[in-house]
Structure formats: structure tokens, C-alpha cells
Amino acid sequence: MQIILLERIEKLGGIGDEVTVKDGYARNFLLPNKKALRANNANRQVFEANRARIEAENAARREDAKVESGNVEGREVVLIRASSNAGQLYGSVSVRDISDALVEQGAKVNKSMVVLERPIKTLGVYDVRVALHPEVSVTVKVNVARSPDEAELQSKGVNVIDAMFDTEVGGFTEAYDPNAEPGEIPTDLLDDDSAEAEA
């Protein structure tokens, strides 16, 4: 389907560009969200008549996004999740989790602004892009940990899974007496009454 873009769309084009997209993408996303018009003569005339207003509105939204970007850029959100000993999450961190955490910190974002290449399924610190406007995007750090203490370690650059296996302490170790008979109880473990009875 041929469409006229009403705003810059990543990997498609800028305002006023006529591009060809798949019918479903146009019908289900671009047209209902008023990001594009069908490319026909009537819509071309409407677009050209309103081009200055559309570009001015876009510029105003871009300036607002630039102001808000100072409030969002470089933020770190901590998400506490249950995981296996290997660091695999039981479930995954979604766009909604990240946007909710940013809103709690006072940022004006919604889930459609968070650009997550793939769901986060392991513990760690991730850089996630937040597109406040098609032309303004910032990066936030998402720290996924099992506890606030682990989150603090991860923010300092410690890989908690590797550290856990490096510092793993063995369990109970039995004292070894080379002169003891098999099955004999060491004398230091016997209480005084039983030691006298054996003597």
C-alpha cells in the first residue's frame, strides 16, 4: 500500500515521504495511529495544504521530547526478579515492567516509547533505548537482580553469577583422624560420662 508519512518513522522515512508498506502494517498500525495517510490525490492535496502545520506540531513535540530527555537520560531502574542459580529468570522482563519503573521515578514515558530488541531473560545490567519522539531517543540502564544487594553489586560492575561460583564455600567437612578405627567416635565428640564409661 502507498502511504504518505505524517511523522518520521524509523526505517521508513520522514514527514511527507511517500512509501510502500505492507497492507497489514498500514491498516493496523500507521493509519489508526494517525502516523500516515493513504497516498491518493485527495490526501496529497490535504497533506500539502496542512504541511506547515504538521511540521510545526512535529517540531513542538520534538522540543518537548528534548526537554523530557534530560529527565530520563542515564536513569537506572532496578527490577527484582526470581531466577535460577544460573541466572535465568522465571519469566522475562517486558516493556511494561521498564516503563512502569520509569514512571515510578517520575519520568513521562509509556510502554510504546520503550524499544526492547528482545525480552530480557537473564540477570544483569542492560542498556535500553527509550524513544521519546521519532527523532529523540535516550538510553536508560535496566538492572535485573534477585535482591537489592545484588542490584547494588551489579551496578558496580560485578557479575553476581560468576562471583557466586567463585566464592562458593563447601558444606560440612568432617575432621579426619588417620589413627581412628573404622566406626569409632572421636574422643573430643564424646561427652564426659560416655568417655568415662568407655575407659
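State whether one or more residues within segment 66-79 are among the polar types (S, T, N, Q), out of contact with any Ser or Thr (no Cβ under 9 Å at 6 or more places or on another chain) and either touching a residue at least 40 places away in the same chain (Cβ under 8 Å) or in a helix (DSSP H, G or I) (or both). Within segment 66-79, one or more residues are among the polar types (S, T, N, Q), out of contact with any Ser or Thr (no Cβ under 9 Å at 6 or more places or on another chain) and either touching a residue at least 40 places away in the same chain (Cβ under 8 Å) or in a helix (DSSP H, G or I) (or both). Summed over segment 80-108, residues that are part of a loop (DSSP other than H, G, I, E, B) and either surrounded by fewer than 13 Cβ atoms within 10 Å (Cβ to Cβ) or out of contact with any strand residue (DSSP E or B) (no Cβ under 6 Å at 6 or more places or on another chain) (or both) total 9.
Looking across segment 24-42, the residues that are closer than 15 Å to residue 10 by Cα and touching a strand residue (DSSP E or B) at 6+ places or on another chain (Cβ under 8 Å) come down to 26, 30, 35, 36. For segment 22-37, the set of residues classified as surrounded by 13 or more Cβ atoms within 10 Å (Cβ to Cβ) and either at positive phi or out of contact with any helix residue (DSSP H, G or I) (no Cβ under 8 Å at 6 or more places or on another chain) (or both) consists of 25, 26, 27, 29, 30, 31, listed by residue number.
Is it the case, given these coordinates, that residue 64 is of a type in the set (D, E, K, R) and assigned by TED's automatic domain parsing to the domain that holds residue 8? The answer is yes for residue 64. Looking at segment 8-53, which of its residues are under 33 Å from the mean Cα position of the chain (by Cα), in a helix (DSSP H, G or I) and under 21 Å from residue 136 (Cα atoms)? Matches in segment 8-53: 29, 30. Against the conditions (1) over 27 Å from residue 156 (Cα atoms); (2) not assigned by TED's automatic domain parsing to the domain that holds residue 11, residue 54 satisfies every one except (2).
The values are calculated or read from the model by the stated rules, or taken from the named source; none is laboratory data. Fair warning: this is a prediction, and the values are worked out from it, not measured in the lab. Here Cβ is always computed from backbone atoms with ideal geometry, including for glycine, and neighbour counts include all displayed protein chains.
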